[in-house]
Amino acid sequence: MDKQLIEVGAQGNTGSDSTNVCAEAPTGPTAPPLTDESLARYPLPASPQSARGADPADQAWWNAAKNSPMAGVANAVRGALKKSAREQRTTSWGALHERTGHKLLPTLSHLQRTQVLALVDQSTAAGEPLLSVLVADGQGDSLQLLRDVAQRLGRAVPAEDPALLAHLASEIADLHRRWQHG
């Protein structure tokens, strides 16, 4: 079987040359080329919990992602989202960039943002709201991002925008309640 390397890293916060961590994934006639566009159509693996005992490529992707420079971005974003939750606020990618000072944030593609938010919420227990919901502005792009993160984490969300907006409002209120005295 042919193998192709999946790049899960990006330039680090230090401004040095790009550092990439790669994981092997099967390729061949049934596998799409791995580009931002194809990865949007053919999402990367679901959560590490759903990858356990599943396809080795899924587990390899999560292992590589946890050790990639994107993990550093995810740690910075996680801290900023926790602060937003304590402050009972939502946020934006621009505000996350201002809060963290992480220079990669403004340059992240949709796929990289999905990866970062999936890493942020990978250990969020089932039934608890994702910190990722705080990066919702109700616009099409952010709604699709949240759908992609939910899919990556094996979470069900409504398919229709009005239902998703109501779901997000409920999740944000629940998250704010949980962090009110945190």
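The values are calculated or read from the model by the stated rules, or taken from the named source; none is laboratory data. Just so it is clear, the model here is predicted, and its values are computed rather than measured. Virtual Cβ from ideal backbone geometry, glycine too; neighbours counted across all protein chains shown. SASA here: full protein model, heavy atoms, side chains in, ligands and nucleic acids out. Shrake-Rupley method; radii C 1.70, N 1.55, O 1.52, S 1.80 Å.
Here Thr107, Thr100 are screened, and the one residue that is open to solvent by 50 Å² or more (accessible area, probe 1.4 Å) and among the β-branched types (Val, Ile, Thr) is Thr107. Beta carbons closer than 6 Å, at least 6 apart along the sequence or on distinct chains, pair a first residue in segment 146-164 that is in contact (Cβ under 8 Å) with a residue 40 or more places away in the chain with a second that is surrounded by fewer than 21 Cβ atoms within 10 Å (Cβ to Cβ) and in a helix (DSSP H, G or I) for Gly154/Ser50.
Examine segment 123-130 for a residue that is surrounded by 15 or more Cβ atoms within 10 Å (Cβ to Cβ) and closer than 18 Å to Lys66 by Cβ, and state whether such a residue exists. Scanning segment 123-130, I find at least one residue that is surrounded by 15 or more Cβ atoms within 10 Å (Cβ to Cβ) and closer than 18 Å to Lys66 by Cβ, so the answer is yes.
If the condition is being within 12 Å of His176 (Cβ to Cβ) and either among the hydroxyl-bearing types (Ser, Thr, Tyr) or open to solvent by 10 Å² or more (accessible area, probe 1.4 Å) (or both), then segment 83-94 contributes Ser84, Arg86, Glu87, Gln88, Arg89, Thr90.
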